[in-house]
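Take a look at the structure below.
The values are calculated or read from the model by the stated rules, or taken from the named source; none is laboratory data. A quick note: this is a predicted structure, and the numbers were derived from the prediction, not measured. Backbone-built Cβ (ideal geometry, glycine too); neighbour counts: all protein chains shown. Side chains included, ligands, DNA and RNA excluded: accessible areas come from the protein's heavy atoms. Shrake-Rupley method; radii C 1.70, N 1.55, O 1.52, S 1.80 Å.
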Amino acid sequence: MLYHLLLQTVKTQQSAGVSPGQPHLLLYELYNGNDVEKAVSDLSQAAIGGSLYVIADEAGSKGYTINDFPTLCDKLLTQVPHLHLWAASCFHGYAPAGWQVEHLTRPLRSPPAVVREVEQEARITTHGDVLPYSERGVPDHTDGPPVTRLYHRGQGHSGSWTDDCVTCGREVGRFLHSLRVGVTEISTTSTTLTSTSGETTPPCLQWRDVLVLYWGTVSDQSGVVTGLHEAGIPVRVMKENDIDDVATARSDVVWVADGDSVRGLERNVVVCLMSLEDSLFRSTELQPYNFTSHRLDHMSRCTSQLVIVSRHDYSPEND
């Protein structure tokens, strides 16, 4: 996202006759230690004779194993005299020793209806790895659209879990149509979505405003994808080479993705397909960093309408 935003800025400045330089996309594997030295070397050489500015988003979040990122920070600090580094993580207590820490806990992304779901996360309520939300500090003009719950059970449903079920895909598709996603004409009787600022506007949702998230691999042959197709939804399953397309919302389609692959992105409508593995969080003996959480990682991507598809009522008692 940062790379594409920088590209847009550079193009705008170049059209105005300014030559600010060219952004370069450097890819490193920083979570197993293999590329830490290379990253430090490349960045410190680029900063020779000047300053280095680093913005690290979701630092250490892959697999929730926070081990090599502090090493990267400390090595950069010793080799770059004029280092300016900002890093963000949903976890607290893992900053390098001596670095300034600020806790930003105001829920500004999602409306209250979504926040109430996210804040029931076990890492907040039980494990204490994530700080609880504080007050927003500004009025909530609306609660936001109610969370919609669809259930993988009853006549017509098949497969063990939601991603296997054609009927679940059809039901999600029908709900998306009820939101008038992809409909461009204005209707005074249609559904409206209200933002956290309280502004209510006629529906102008596009298919690119929707993410369907699952924990694990969903293929083009998965039941839920088949059901979405049958419901008339333009849907694509995210592959590794689709990352740029998904990040920039280039294609006007509903993306189905492993939630691990889209941390940091936001969408107006998020459909959360529940899975068996999430029940592992009931065990306090597990190291919580080793698992993805539907609440913390998937539901928190939603800026307006949240849809939960599960076998049962998804509450802390049933997690």
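Conditions (1) of a type in the set (A, V, I, L, M); (2) at pLDDT 85 or above; (3) within 15 Å of Ile124 (Cβ to Cβ), marked per residue:
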| residue | (1), (2), (3) |
| --- | --- |
| Ser275 | no, no, no |
| Leu280 | yes, no, no |
| Glu285 | no, no, no |
| Phe291 | no, no, yes |
| Leu296 | yes, yes, yes |
| Met299 | yes, yes, yes |
| Cys302 | no, yes, no |
Go through segment 12-35 and give me each residue that's surrounded by 11 or more Cβ atoms within 10 Å (Cβ to Cβ) and farther than 16 Å from Glu58 by Cβ.
Thr12, Gln13, Gln14, Pro20, Pro23, Leu26, Asn32, Gly33, Asn34, Asp35
Filtering segment 57-66 down to residues that are more than 12 Å from Trp99 (Cβ to Cβ), of a type outside the set (Ser, Thr, Tyr) and open to solvent by less than 80 Å² (accessible area, probe 1.4 Å), which residue is modelled with the highest pLDDT?
Glu58
Quick check: anything in segment 194-211 modelled with pLDDT of 90 or more and in contact with a helix residue (DSSP H, G or I) (Cβ under 7 Å, 6 or more places away or on another chain)?
yes
If a residue must be open to solvent by less than 90 Å² (accessible area, probe 1.4 Å), out of contact with any Gly (no Cβ under 8 Å at 6 or more places or on another chain) and either outside any helix (DSSP H, G or I) or aliphatic (A, V, I, L, M) (or both), how many such residues does segment 103-125 contain?
10
Looking only at segment 129-136, decide whether some residue is touching a residue at least 40 places away in the same chain (Cβ under 8 Å) and open to solvent by less than 60 Å² (accessible area, probe 1.4 Å).
yes
Restricting to segment 69-102, name every residue that is under 29 Å from Asp258 (Cα atoms), modelled with pLDDT under 85 and surrounded by fewer than 17 Cβ atoms within 10 Å (Cβ to Cβ).
Thr71, His92, Gly93, Tyr94
Name the residues in segment 1-20 that are more than 20 Å from Arg250 (Cα to Cα) and touching a helix residue (DSSP H, G or I) at 6+ places or on another chain (Cβ under 7 Å), would you?
Pro20
Find the residue count for segment 38-56, including only residues that are open to solvent by 90 Å² or more (accessible area, probe 1.4 Å) and in contact (Cβ under 8 Å) with a residue 12 or more places away in the chain.
2
Taking only segment 222-239 into account, find how many residues are closer than 22 Å to His294 by Cα, open to solvent by 20 Å² or more (accessible area, probe 1.4 Å) and in contact (Cβ under 8 Å) with a residue 12 or more places away in the chain.
2
